[in-house]
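Below is one structure, written out as structure tokens; comments come after it.
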Amino acid sequence: MEAKNYPSNRLLLSGNHAVAWGVKLVCPDVAPVYPITPQTPILEKITEFQSQGELDMELLTPESEHSAMAACISASATGARVFTATSSQGLLLMHELLHYACGARAPIVMFNVNRTPASPWGFWPDQLDSLAQRDTGWIQLYSETPQESLDTVIQAYRIAEAVGLPTMISHDAFYVSHSMEPVEVPSQDLVREFLPRFEPRYRLDTELGQSFGAPIDQATWNRSRRDIAAAMALVADAVTAAGEAWGELTSRAYGPLEQYRMEEAEVVIVTMGSMSGTAREAVDAMRERGEAVGLLKVRLFRPLPAEALRQALAGVSCALVLDRNYSPGMGGILHQEIKSALFAMSGAPRLHGLLAGIGGVNVSAEKIQQLVDDCREVEPSVEAQWVE
Amino acid sequence: MREILIIGRGGQGAQTAGNLLAQAYFAEGQFVQTFATYGGARRGTPVTSSIRVDDQPIRLRCDIERADAMLCFDDTLLDQGLLGRADDGTKIVVNSTRSSDAFSALGGYQIVAFDGMEIARRNEMGKVVNSALLGAFVAMLDDPGLETMCEVIEQTAPVKQQQNVAACRQAYQQLRNPA
């Protein structure tokens with residue numbers, strides 16, 4: 001379908017400022033946010049928009065991330081559209097309330113900037129902070145570029161509100177958060193068409209006399225998890241629908257996975273976030289030499305699109321999972337997830353887990369090509385291997 | 001694609017210079033990507049701004065391991081560690097009161113020494129040296145154009161816009177036509 005003719009504005013923006021532009025276009029009702037490096041430019045920019053009268057949103061700055069998330073849940077319960085942003089230690093401090101937000105079925109949208117958790121202290125790109133939240137019941141999307149971050153903030157409200165689950169988007173510190181590049185900023189009219197006003201099915205209102213979150217018996221708690229499971233089962237389609245609808249309006253379509261040059265691929269690189277961009281260059285260089293190498297970018301991590309992953313990797317002889325995170329005693333988290341997704345699949349690819357770029361160390365396109373060369377003829381080990 | 005590094009000490013304006021240079025390329029319709037070290041950077045510690053320029057979208061998200069050009073704000077930072085990211089094709093401008101020949105012992109690099117501080121002082125800019133160094137750097141790079149660079153500086157300088165622009169122009173002329 002041809003994109004409708006909405007004007008857009010090309011600006012030179014960092015990834016974090018692209019997120020802030022996405023928030024400005026959505027215009028949520030409430031945003032409780034606590035600053036933390038390297039997220040702070042998001043908060044600074046939305047504060048600037050608000051102070052200049054360009055963003056009619058209630059901005060709260062509580063005393064901690066824990067309180068920020070508590071405010072998000074309360075505001076969401078009243079039917080408000082809610083945004084927050086954090087990173088690393090801040091996200092970890094929210095952990096308790098991340099579970100609560102899912103159980104409360106609060107369609108909050110949160111932007112997380114992936115940064116190494118302390119100790120030792122660091123500011124570097126590493127996805128452990130958000131991956132460690134994988135069991136909290138939040139939808140998780142990973143973004144490769146400032147453009148994708150802006151686009152995904154807007155789509156995330158459609159997804160979260162369609163299924164009634166909180167949604168977290170993450171982009172890597174430094175290579176995306178602080179990388180300035182040209183970004184197409186869509187018009188307000190386009191975003192209004194894409195994202196109409198939210199009408200929640202349930203909300204707290206003194207006129208309605210309902211309450212949320214009361215103590216319940218075992219069977220009801222059990223049912224609440226089954227309801228969440230049923231909602232999770234709808235997410236992949238909601239992500240596809242939102243990504244396709246966005247594509248019709250902007251010519252930039254998205255889905256749960258992206259297959260890049262996967263046709264007839266013998267070897268596939270699987271990764272998330274900013275490393276996908278570098279991997280594209282590696283794939284192009286190897287295709288140029290006649291090598292059948294492709295990239296499978298995982299955009300939707302929770303729920304894991306297991307069936308789609310199996311289909312994408314069918315017929316592939318060797319897959320390399322590049323993890324920019326390390327779960328001590330286990331290895332790379334994406335590697336573990338892909339292994340479980342391919343469980344008992346006949347003809348599954350040989351799966352190599354590679355701990356690449358942990359702590360933000362550099363992973364160049366040349367390095368990725370070398371990893372492909374090193375792995376393609378080798379039997380993989382069960383455990384992930386550290387990349388030197 | 002061209003890859004450029006700007007190296008300085010926290011507080012000297014190297015990161016700002018990187019952003020301004022990227023804005024000038026962007027204004028000329030190029031695809032750019034720029035990112036800088038942050039967080040651990042403090043006044044006086046080494047900081048780096050990385051810039052990629054291309055006529056098509058830039059997809060690499062990794063460090064620059066070999067730069068096509070370097071702008072070094074402080075000659076004490078121009079050592080073998082930094083030159084590990086350069087080769088004999090890398091164009092290097094270094095802010096220094098010494099002559100270019102003084103750097104020949106570092107090896108066969110294209111190093112042009114330039115006294116940005118003198119131009120900054122001449123234009124009542126104190127120690128704010130980045131507009132002068134940008135003028136010298138774009139003279140060496142051939143693009144972005146001097147006029148584009150000056151427009152970006154004029155629009156973004158928080159104070160002393162005219163002095164900043166004058167320093168950029170003088171540095172450009174001085175590097176192009178050394179006395």
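The values are calculated or read from the model by the stated rules, or taken from the named source; none is laboratory data. Computed from a predicted structure; not experimentally measured. All Cβ positions, glycine included, derive from the backbone under ideal geometry; neighbour counts span all protein chains shown. Calculation scope for accessible area: heavy atoms of the full protein, side chains included, ligands and nucleic acids excluded. Shrake-Rupley method; radii C 1.70, N 1.55, O 1.52, S 1.80 Å.
Overall shape: oblate for the range A:118-261, with the ratio a/c of the largest to smallest alpha carbon gyration tensor axis at 1.5 or above and b/c at least equal to a/b.
Placing +1 on each Lys and Arg Cβ and -1 on each Asp and Glu Cβ, with no other charges, gives the protein assembly as shown a dipole about its Cα centre of roughly 740 debye. Centre-to-centre separation between the Cα atoms of the range B:1-46 and those of the range A:253-293: 29 Å.
Taking a virtual spin label 7 Å from the Cα of A:Glu96 along the C-beta vector, which residues in the range A:49-82 bring their backbone nitrogen under 12 Å of it? Residues A:66-67, A:70 qualify, since their backbone N sits under 12 Å from the label point. Taking a ≥ b ≥ c as the square roots of the Cα gyration tensor eigenvalues, with a/c under 1.5 meaning rounded and otherwise prolate when a/b beats b/c, else oblate, which class fits the range A:251-388? Taking the square roots of the gyration eigenvalues as a ≥ b ≥ c, the range A:251-388 is rounded.
Using +1 at the C-beta of Lys and Arg and -1 at the C-beta of Asp and Glu, which of A:Gly79, A:Gln50, A:Val239 has the Cα lying farthest in the positive direction of the dipole of chain A? Highest projection toward the positive end goes to A:Gly79.
With the simple spin-label model, which puts each label point 7 Å out from Cα in the Cβ direction, the A:Ala233 to B:Arg42 separation comes to 5.6 nm. Once the Cα-Cα distance is subtracted from the 0.36 nm per residue extended length, the A:Tyr260 to A:Ala314 segment shows a gain of 17.9 nm.
In the range A:171-207, comparing the full protein assembly with the chain on its own, the residues that lose 20 Å² or more of accessible surface at a 1.4 Å probe are A:Phe174, A:Tyr175, A:His178, A:Ser179, A:Met180, A:Glu181, A:Pro182.
Among beta bridges identified by DSSP and lying wholly in the protein assembly as shown, the antiparallel ones come to about 35 percent. Of B:Ala157, B:Ala105, B:Ala167, the residue with the greatest mean-square motion in the GNM of chain B, using alpha carbon springs below 10 Å, is B:Ala105. Sites listed here are trypsin sites (Lys or Arg not before Pro) in the range B:116-179 whose DSSP assignment is loop and whose Cβ has at most 13 other Cβ atoms within 10 Å: B:Lys127.
Apply the a/c threshold of 1.5 to the C-alpha gyration tensor of chain A and tell me whether it is rounded, prolate or oblate.
Details: a/c = 1.64, a/b = 1.43, b/c = 1.15.
Note, shape of chain A comes out prolate.
Mean per-residue shielding of peptide B:61-70 is 5, counting Cβ atoms of other chains within 10 Å of each Cβ.
At the nearest 100 Å², what buried accessible area, both sides summed, do you get for A and B when the probe is 1.4 Å? Rounded to the nearest hundred, the buried surface is 2200 Å². Modelled this way, with points 7 Å down the Cα-to-C-beta line, the labels at A:Leu208 and B:Asp75 are 7.2 nm from one another.
If you sort A:Trp21, A:Trp138, A:Trp221 by accessible surface, 1.4 Å probe, largest first, the order is A:Trp221, A:Trp21, A:Trp138.
Taking the three principal axes of the alpha carbon atoms in the range A:93-194, the coordinate ranges are 45, 37, 15 Å, sorted in descending order. In this rough spin-label picture, where each label sits 7 Å from Cα along the Cβ direction, the B:Arg2-B:Glu151 distance is 1.8 nm.
Taken about its Cα centre, the range A:257-386 carries a charge dipole of about 420 debye when Lys and Arg each add +1 at the Cβ and Asp and Glu each add -1 at the Cβ.
Mind checking the mean number of beta-carbon atoms from other chains within 10 Å of the Cβ atoms in B:20-33? If you can, show how the numbers build up before the last one.
On the way: counts 0, 0, 4, 2, 0, 1, 6, 1, 0, 2, 1, 2, 5, 8.
Per residue, the number of nearby Cβ atoms from other chains is 2 on average.
Of the peptides B:19-25, A:271-277, A:96-102, the ranking by mean beta-carbon count within 10 Å, highest at the top, reads A:271-277, B:19-25, A:96-102. Put +1 on the Cβ of each Lys and Arg and -1 on the Cβ of each Asp and Glu in chain A; which of A:Ala68, A:Ile228, A:Pro182 then has its Cα farthest toward the positive end of the dipole? Going by the charge dipole, the pick is A:Ile228.
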